[in-house]
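Heads up: the structure comes next, in structure tokens.
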Protein chains: 2
Amino acid sequence: MPVTLPAAERTAGATLHEQVYQSLRGAIMCGRFVPGRALTIRGVAAMLGTSLMPVREALRRLVAERALELLANRRVSVPHMTPARLDELCAARLALEPLAAVRALPHVDGTRLAELRQIDAGIDAALAAGEVERYLQLNQLFHLTLYRAGEPQVLIPLIESLWLQFGPFMRATIGRIGASYVLDRHVEALAALERRDPLALRLAIESDIRDGMGSLSHEELLRLYRDAAAPAERSASARE
Amino acid sequence: MPVTLPAAERTAGATLHEQVYQSLRGAIMCGRFVPGRALTIRGVAAMLGTSLMPVREALRRLVAERALELLANRRVSVPHMTPARLDELCAARLALEPLAAVRALPHVDGTRLAELRQIDAGIDAALAAGEVERYLQLNQLFHLTLYRAGEPQVLIPLIESLWLQFGPFMRATIGRIGASYVLDRHVEALAALERRDPLALRLAIESDIRDGMGSLSHEELLRLYRDAAAPAERSASARE
DNA sequence: TCCGGAAACATGTGATCACAATCGGCCGGC
DNA sequence: GCCGGCCGATTGTGATCACATGTTTCCGGA
């Protein structure tokens, strides 16, 4: 079994399938599921101690959000990354996230700016401690906290769908973190926010996304391209 | 009852909830559901002659795609349009669709170009005949047929989500069609495709989207802004 | 040793049912 | 006349079951 799920035992006021959704979403973002390996309804239900129904709904929602892929067998799995999809994801992020940042800028007040600074400090700490998982979580939180200023209703779901597709791959293939941080794009973004400079903010977010792409392990990317040429057989890491 | 659904009787090989999804999606895009009015599972199931289960899954998928909104009561409805949401939808379309078009351009061959020309001819015919519904359908088909060249996997779902949110509102508030067509942006796009000119294509698509926004009935937009100021009471059209 | 087929198993889909929460209308009281 | 609380009807949620499809396993034959 490739994964142990955190047994959604928090009995929040939300519905059961919402809790299952959050558990699965977290597990996906951490790369806990092997791409291509089928996620069975009964399997997830057994891990989380629920019945089939909430799992069905959670899985279907994740498929609609493109976090999971519907196979021909009508089974679901984390989709394999392909060079074309990676390129598209990057292009979509570069189209949407700078836009979201610039639109959020007028609504960023002192409180939110302080919150962003605090998150960025946490990121630096995680980087210094080499805590990859925490770094990725906080990085996502930094971006979403910025974009959420002004309470956008349309852009956030689109961006979250992209992160859901991008996250597990990044988690699995990120190389040495910290190495590529010759320039801290978040500091640039914070400065742009303080100066209320839309263009500088756009550039900082664009650069941050590109840097994120650059931090992918080169050997993983090479394997990706190789696999794309011979898709019949996946490389070793896809095996158990 | 505000709507009669086309009784999903086509027994395609697909799953039942997929057929329900398609029926509901078509009805939503045609503006057949009154925004804010709750769509009940049992009601839809009765209209379509299915049991509750496929309807549940179809509704949940449409909620995930932001075509429907999850109310606090855990009931679903077509969301009301607000000025902020309209602005965001427009910005997202302007960010994603020109990008999708430019990325598709290198993959548009003669066959697809001919297909696009044929759709555009159909659009002109629908415009001349004053068939609003057919015009909107073909317009969507034109855009998606263009974007689908190169088989994008990421951008298409994002754009379809936007159309799903934008479509019902446009269907309900479109003014006199044809009037705003002093310039046919589709012809411009087709010319740009033939010349393989990315910049011209981008401009044509951008202009087409802006023109589409301009074709919204001004009185409807005014009512929208008025309602946004006093959201407690919706205007007459929201009542039965 | 390798291949093919059949049986046992696992899985997704859809239906039906129970139940708690919510909504609607009705009535009584202020 | 208007408001608040009560009761019935409606609704979403979750559980369990039946069934068709697809998958794996195991065994016999070449």
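The values are calculated or read from the model by the stated rules, or taken from the named source; none is laboratory data. These numbers come from a predicted model, not from an experiment. Note: ideal-geometry Cβ built from the backbone for every residue, glycine included; neighbour counts use all protein chains shown. The area values use the complete protein model at the heavy-atom level, side chains included, leaving out ligands, DNA and RNA. Shrake-Rupley method; radii C 1.70, N 1.55, O 1.52, S 1.80 Å.
Local charge sum around A:PHE142 (other residues, Cβ-Cβ under 13 Å, Lys/Arg +1, Asp/Glu -1)?
Computed value for this residue: -2.
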Note down the net charge around B:ALA125, summing +1 for each Lys or Arg and -1 for each Asp or Glu among other residues with Cβ under 12 Å from its Cβ.
-2
Which ³J(HN,Hα) values in Hz, rounded to whole numbers, follow from the phi angles of the stretch B:130-139 under the Karplus curve 6.51 cos²θ - 1.76 cosθ + 1.60, where θ = phi - 60° and Gly and Pro get x?
x, 8, 4, 4, 5, 4, 5, 4, 5, 4
Output row for B:ASP184: copy-to-copy label distances, label 7 Å along Cα→C-beta, ascending, in nanometres, one decimal, is 5.7
From the phi of every residue in the stretch A:98-112, what ³J(HN,Hα) in whole Hz does the Karplus formula 6.51 cos²θ - 1.76 cosθ + 1.60 yield, where θ is phi - 60° and glycine or proline is x?
x, 4, 4, 5, 5, 5, 7, 3, x, 9, 7, 9, x, 4, 5
Okay, which of the stretch A:57-88 sit inside 14 Å, backbone N to the point 7 Å along the Cα-Cβ direction of A:THR40?
A:75-76
Applied in sequence order to the stretch B:72-83, the curve 6.51 cos²θ - 1.76 cosθ + 1.60 (Karplus, θ = phi - 60°) yields integer Hz couplings, x standing for Gly and Pro, of 5, 6, 6, 9, 10, 7, 5, x, 5, 7, 10, x
Any idea what the B:LEU52 label distances to the other copies are, label 7 Å down the Cα→Cβ vector, nm, shortest first?
1.7
Can you list residues from other chains, or at least 5 along the same chain, whose modelled amide H is less than 5 Å from the amide H of A:ILE174?
A:SER217
Taking 0.36 nm per residue of separation and subtracting the Cα-Cα distance, what length does fully extending A:LEU141 through A:GLN153 add?
2.6 nm
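Calculate the FRET efficiency for A:LEU203 and A:ALA125 from the Cβ-Cβ distance with a Förster distance of 30 Å, rounded to the nearest 0.05. Let's see the in-between values first.
Details: r = 26 Å, r/R0 = 0.86.
Computed FRET efficiency for A:LEU203 and A:ALA125: 0.70.
Contact order normalised by length for the stretch B:83-221, with contacts defined as Cα pairs under 8 Å and 6 or more residues apart; what percent is it?
Values: 129 pairs, mean separation 49.7, N = 139.
Across the stretch B:83-221, relative contact order equals 36 percent.
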Leaving out ligands, DNA and RNA but keeping every protein chain, what accessible area does B:ASP197 have, in Å² rounded to the nearest 10, with a 1.4 Å probe?
50
So, in nm and shortest first, the distances from B:ARG148 to its counterparts in the other copies, with label points 7 Å along Cα→Cβ, work out as 3.7
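Which trypsin sites (Lys or Arg not before Pro) from the stretch A:187-216 combine a DSSP loop assignment with at most 11 other Cβ atoms within 10 Å? Kindly include the intermediate steps, with their values, before the conclusion.
Details: sites: A:ARG195, A:ARG196, A:ARG202, A:ARG210; in loops: A:ARG196.
Those that pass, being in a loop and sparsely packed, are A:ARG196.
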Contour minus Cα-Cα distance for B:GLN22 and B:ALA72 (0.36 nm per residue)
15.5 nm
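By its C-alpha gyration tensor, with a ≥ b ≥ c as the square roots of the eigenvalues, how is the stretch A:83-221 shaped: rounded for a/c under 1.5, else prolate for a/b larger than b/c, else oblate?
Details: a/c = 1.75, a/b = 1.28, b/c = 1.37.
Verdict is oblate for the stretch A:83-221.
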Could you let me know the centre-to-centre spacing of the stretch A:59-124 and the stretch B:117-172, using Cα atoms, in angstrom?
26
Pull up all non-local amide H partners of A:VAL76: gap of 5 or more, or a different chain, and H-to-H distance under 5 Å with H placed in the peptide plane.
A:LEU39, A:LEU71
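Would you tally the net charge around B:MET53, using a Cβ to Cβ cut-off of less than 14 Å, leaving B:MET53 out, and scoring K and R as +1, D and E as -1? List each step's numbers first, then the result.
Working: positive: A:ARG56, A:ARG60, B:ARG42, B:ARG56, B:ARG60, B:ARG61; negative: A:GLU57, B:GLU18, B:GLU57.
Overall, the nearby charge balance is +3.
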First check a/c for the stretch A:16-77, with a ≥ b ≥ c the square roots of the eigenvalues of its C-alpha gyration tensor; if it is under 1.5, answer rounded, and if not, answer prolate when a/b is larger than b/c or oblate otherwise.
rounded
The chain A residue whose Cβ lies closest to the rotation axis carrying chain A onto chain B, with that distance rounded to whole Å, is A:ALA64, 2
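Assign one of three labels to the stretch B:1-159, namely rounded, prolate or oblate, based on the Cα gyration tensor with a ≥ b ≥ c the square roots of its eigenvalues; rounded applies when a/c is under 1.5, prolate when it is not and a/b is larger than b/c, and oblate otherwise. Don't skip to the answer; put the middle values down first.
Working: a/c = 1.77, a/b = 1.56, b/c = 1.13.
Taking the square roots of the gyration eigenvalues as a ≥ b ≥ c, the stretch B:1-159 is prolate.
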